[in-house]
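The values are calculated or read from the model by the stated rules, or taken from the named source; none is laboratory data. All values reported here derive from a predicted model rather than from experimental measurement. Cβ coordinates were reconstructed from backbone atoms using ideal geometry, including for glycine residues, and neighbour counts include every protein chain displayed. Note: accessible area is taken over every heavy atom of the protein model, side chains too, but ligands, DNA and RNA are not part of it. Shrake-Rupley method; radii C 1.70, N 1.55, O 1.52, S 1.80 Å.
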Amino acid sequence: MPDSNIGGFIGQYKPSGTSPSGIYTLQAVYNQIAASKWPGQPSLDASPPYETGNSNGQYDNSGKKGYWNNEKGFIVSDEDIFTTSSRRWDQTSGGGDAFRSSQSATLFSSIPATLWWVYVVVIGGGGGGDGNGNGDGGGGGGWAWAKLDLRNYSGASMTCTTGKGGNQYGNGGSTTFAINGTTVLSAGGGLHFGSGGTGGSGSVTSHASVIRSLTKQGGAGKNNAQGGTGGTGGGGGGPSNGFGGNANRPFGGAGAGNDGGGFKGGGTQTTVYSSSIYQDPDRNNAVWITQNQAHSAVNSFSFFNGSSASNWNDGKDGRNTTGSPVVQAGTFGSGGGGSGSGSGYGGGPGAVIVWWS
């Protein structure tokens, strides 16, 4: 089919069964037509054969990235998530000021020719809670996902930077994912309540690699109310009903509960993994993530020892005593809960998760 005829086939080959928030560029449509029309072009329906050579649970200290998905995936977040040996995933354990650093990583200095496409999730850092009055919650980090066609990007670099979780009274940091230095996905950090308490926003650019995408704002941090629901959960605010907000997107952490006026429980991860919004039309509408697969990204790291697929990214419970330990807000992008003891809970760290099968 000559290049001059490509335009007439755009409507015919535009992927079906996708959500309204899907993004389609002319280049992405062209790539799909090319894959179906010219023999020898790698397709977007088969899993790329490239393997990292690193098994689940391994952490590259120099490269600042973890490995998962049976040698077909990376995960990047605060380094403490991968290197701490004590059990911290549960809802009552403390973390002090740990798990609140940004992290930069080079996933590929040169994208392999056998890596045809990838899925990417980015999550911004959660906003920290505070101790004003009975405490106010921080907003959850933004969330974004995209499937990227890499067939024209062999040899390009793939890099990312994750946002830090907000300190007490602090905002979460932004997370970015880039190809050859150009940002493709980003997720803003959640704000602490004094800066508005809003959840961060997710964004996917019109980069030519983008086939389809989804975004979701993080839940809002609250005063005297349960944290808001979003791609990540917002932190709860006291004194009444200050439970953590729920998270409803894959890998997003739920918000922490408040401890002012009686401690409240953390939020819950409520993603419906069978939803049609998680289907990939290129792969016969198979979902691009399952609950067990999401858990497999972290369960080989000692931080998550003893966790399960249904609870690993639930929010932290508010403390039932004052003073130490100060509890950080769960996992990726969780909003910190308020604290009546004058402190507050730190926000969860941002993250980048990449996989290709």
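Within the stretch 216-231, the presence of at least one residue that is modelled with pLDDT under 95 and part of a loop (DSSP other than H, G, I, E, B) is confirmed. Would it be correct to say that residue 203 is without any contact (Cβ under 8 Å) to a residue 40 or more places away in the chain, of a type in the set (Gly, Ala, Ser) and surrounded by fewer than 21 Cβ atoms within 10 Å (Cβ to Cβ)? It is false that residue 203 is without any contact (Cβ under 8 Å) to a residue 40 or more places away in the chain, of a type in the set (Gly, Ala, Ser) and surrounded by fewer than 21 Cβ atoms within 10 Å (Cβ to Cβ).
Only a single criterion out of (1) open to solvent by 10 Å² or more (accessible area, probe 1.4 Å); (2) more than 19 Å from residue 80 (Cα to Cα); (3) of a type outside the set (Val, Ile, Thr); (4) modelled with pLDDT of 90 or more is not satisfied by residue 340, namely (4).
None of 256, 297, 309 is of a type in the set (A, V, I, L, M, F, W, C) and over 20 Å from residue 163 (Cα atoms) except 309. Just one of the listed residues (92, 106) is over 16 Å from the mean Cα position of the chain (by Cα), over 25 Å from residue 338 (Cβ atoms) and open to solvent by 20 Å² or more (accessible area, probe 1.4 Å), and it is 106. The sole residue among 245, 265, 257, 261 that is modelled with pLDDT of 95 or more and in contact with a Gly (Cβ under 7 Å, 6 or more places away or on another chain) is 245.
Condition check: closer than 27 Å to residue 346 by Cα and of a type in the set (Ser, Thr, Tyr). Does residue 159 satisfy that? Against the criterion (closer than 27 Å to residue 346 by Cα and of a type in the set (Ser, Thr, Tyr)), residue 159 qualifies. Regarding the stretch 219-241, can at least one residue be identified that is surrounded by fewer than 21 Cβ atoms within 10 Å (Cβ to Cβ) and closer than 21 Å to residue 78 by Cβ? For the stretch 219-241, residues surrounded by fewer than 21 Cβ atoms within 10 Å (Cβ to Cβ) and closer than 21 Å to residue 78 by Cβ: absent.
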